[in-house]
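In what follows, a single structure is set out as structure tokens and then discussed.
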Amino acid sequence: MVNGDMARQQAAARFVEWFTTASPEQTGEIVREVVDQIRERRDRLGSGVVDTGHIPDGVDLVRRLRTLNGGRTRVPWMWSLVAGDSSDDGRVGLMVGVNGAVGALHWVTRSGQDLVPVDGRNSEPVLYRLAGLHESYLPAGSVVPIDTVYEVVAEFLRTRRLPRCIRWRVAGRIPLIDAS
């Protein structure tokens, strides 16, 4: 059994034990453990916004995405990869999501040129979690096979420009979601 699978089974067993028998002190301990695990996963890829100009030499972001995703992501994770000067309209961003066998891509510019892949699979906005924590929606047409995500991210990291390894189309607006 893979260490990650064993850890998940152990965590599930501890949750069942806690849910049925834990004292307030034990509950606090378990909650602290869970929060630490969430922070550890979040710290692997930052807070949700990755400035490509500040990625240290030798860091393979695509490999890190592959490792985190592992084909078994339970929560759809996303990040905003940004490039360009933050003080002008030339700043661009690639919203990147991973969720097992699929992922999501959304090209964003300050000038309002939002694009999604021509071959995107979803007909409605899709929920991902920025850095695995904060609910965020990506537009219709943003979901693609995970290997496409990795290829697009690799090209964006090399060029800091709109990746040309896929075709893009104008993204539709994401409607406001009524949380009530």
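Some values worked out for this structure:
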{"item": "Count - residues of the range 150-168 that are outside any loop (DSSP other than H, G, I, E, B), open to solvent by 70 Å² or more (accessible area, probe 1.4 Å) and at pLDDT 95 or above", "result": "1"}
{"item": "Residue list for the range 121-141, filter: in contact with a helix residue (DSSP H, G or I) (Cβ under 8 Å, 6 or more places away or on another chain) and among the small types (Gly, Ala, Ser)", "result": "131, 132"}
{"item": "Check on residue 123, over 12 Å from the mean Cα position of the chain (by Cα), free of Cβ contacts under 8 Å to residues at least 24 places away in the same chain, farther than 20 Å from residue 53 by Cβ and part of a loop (DSSP other than H, G, I, E, B)", "result": "yes"}
{"item": "Which numbered condition residue 132 misses (of (1) farther than 20 Å from residue 66 by Cβ; (2) part of a loop (DSSP other than H, G, I, E, B))", "result": "(1)"}
{"item": "Any hit, the range 124-134, residues being of a type in the set (D, E, K, R), modelled with pLDDT under 90 and either in contact with a Phe, Trp or Tyr (Cβ under 8 Å, 6 or more places away or on another chain) or open to solvent by less than 30 Å² (accessible area, probe 1.4 Å) (or both)", "result": "yes"}
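The values are calculated or read from the model by the stated rules, or taken from the named source; none is laboratory data. In this text, all values refer to a predicted model and were calculated from it rather than measured experimentally. So basically every Cβ, Gly included, is an ideal-geometry build from the backbone, and we count neighbours across all protein chains shown. SASA here: full protein model, heavy atoms, side chains in, ligands and nucleic acids out. Shrake-Rupley method; radii C 1.70, N 1.55, O 1.52, S 1.80 Å.
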